[in-house]
1. So if I check each of Glu78, Glu14, Glu61, which one is under 18 Å from Leu111 (Cα atoms), free of Cβ contacts under 8 Å to residues at least 40 places away in the same chain and either assigned to a helix (DSSP H, G or I) or open to solvent by 40 Å² or more (accessible area, probe 1.4 Å) (or both)?
2. All but one of (1) within 13 Å of the chain's Cα centre (by Cα); (2) free of Cβ contacts under 8 Å to residues at least 40 places away in the same chain hold for Lys103; which doesn't?
3. What's the number of the only condition in (1) within 23 Å of Thr15 (Cα to Cα); (2) without any contact (Cβ under 8 Å) to a residue 12 or more places away in the chain; (3) not basic (Lys, Arg) that Glu32 fails to meet?
4. Which numbered condition in (1) surrounded by 13 or more Cβ atoms within 10 Å (Cβ to Cβ); (2) free of Cβ contacts under 8 Å to residues at least 40 places away in the same chain; (3) over 17 Å from Ala77 (Cα atoms) is the only one that His54 fails?
5. Considering only the stretch 85-105, how many residues are among the polar types (S, T, N, Q) and more than 17 Å from Ile72 (Cα to Cα)?
6. Please tell me if Lys92 is surrounded by fewer than 18 Cβ atoms within 10 Å (Cβ to Cβ) and either without any contact (Cβ under 8 Å) to a residue 40 or more places away in the chain or touching a strand residue (DSSP E or B) at 6+ places or on another chain (Cβ under 7 Å) (or both).
7. Just give me the residues in the stretch 1-11 being exposed (fewer than 11 other Cβ atoms within 10 Å of the Cβ) and not polar (S, T, N, Q), in sequence order.
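The values are calculated or read from the model by the stated rules, or taken from the named source; none is laboratory data. Quantities reported herein were computed from a predicted structural model and do not represent experimental measurements. FYI the Cβ positions are ideal-geometry reconstructions off the backbone, even for glycines, and counts take in every protein chain you see. Keep in mind that these areas ignore ligands, DNA and RNA; they rest on the heavy atoms of the full protein, side chains included. Shrake-Rupley method; radii C 1.70, N 1.55, O 1.52, S 1.80 Å.
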Amino acid sequence: LTSYNFLISFLKHETQHYIDYENYELSNCELEYRAKLVELHYYKSPNFLIGLIHNGDFSDENNGHPYASAVITQRLAEKLRITEHQLLEIAKKKELWQNNESKIRELAKSLFEEDTLRLLDNK
């Protein structure tokens with residue numbers, strides 16, 4: 001119950017779902033997008049980002065987890081002005097990750113805040 005992964009991947013992720021359920025009417029993809037951005041912001045290792053990149057799949061918008069992962073990967077790459085392949089290389093190489101970790105984590109926070117503003121504007 002005190003592990004790093006549990007605190008982020010379960011508590012923070014599921015708490016974000018709860019907050020979103022209470023305040024907005026969102027699709028499964030939108031719920032996962034927001035919760036995964038929260039996770040990405042808090043994780044300090046590249047493993048979560050690598051998982052997002054590998055699991056991302058635009059083929060079925062109703063399949064929230066892979067679709068949200070693909071959207072996050074695409075948007076991060078766009079914000080960094082790199083390809084998704086280059087983003088994967090950053091996540092896989094220790095030195096590149098160390099040089100870009102804080103920027104990626106802050107971009108996750110920024111994407112989350114942008115999405116929150118979108119939701120508030122539509123309320």
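1. Step by step, each of Glu78, Glu14, Glu61 is checked, and only Glu78 is under 18 Å from Leu111 (Cα atoms), free of Cβ contacts under 8 Å to residues at least 40 places away in the same chain and either assigned to a helix (DSSP H, G or I) or open to solvent by 40 Å² or more (accessible area, probe 1.4 Å) (or both).
2. Every listed condition holds for Lys103 apart from (1).
3. Looking at each condition in turn, Glu32 falls short on (2).
4. Here His54 clears every test but (3).
5. The total comes to 2.
6. no
7. Correct list: Leu1 only.
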